[in-house]
Amino acid sequence: MGQVRHMTAVIELEDDVYVALCPEFDIASQGSTIEEARANLIEALTLFFETADRDEVQRREHSRVFVTQVEVPVG
């Protein structure tokens, strides 16, 4: 096994399926459970890194992703 990278996974329930997104590379997957969506995203990212050339990886990478919460007045 080669280098390991830590990336963000945002998982949300859409209708009856969990959608997992890695915002650093705009790669998504889905599953019927949170765990399945996460595992499928790892598989999709692994396949991406195995098949994409260096230029595509650099072009798609968004290395400055920040995840936070905000407070918004709603009424």
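The table below lists the values:
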item	result
Among residues of the range 5-41, those that are farther than 20 Å from F66 by Cα and either among the aliphatic types (A, V, I, L, M) or in contact (Cβ under 8 Å) with a residue 60 or more places away in the chain (or both), counted	5
Listing of strands (runs of 3 or more DSSP E) fully contained in the chain that carry 3 or more residues being surrounded by 12 or more Cβ atoms within 10 Å (Cβ to Cβ)	17-22, 27-31
Number of the condition not met by S29 [criteria: (1) of a type in the set (S, T, N, Q); (2) modelled with pLDDT of 95 or more; (3) more than 10 Å from the chain's Cα centre (by Cα)]	(3)
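The values are calculated or read from the model by the stated rules, or taken from the named source; none is laboratory data. Treat the numbers as computed from the prediction; the structure is a model and nothing was measured. Glycine also receives a Cβ, built like all others from the backbone with ideal geometry; neighbour counts cover every protein chain displayed.
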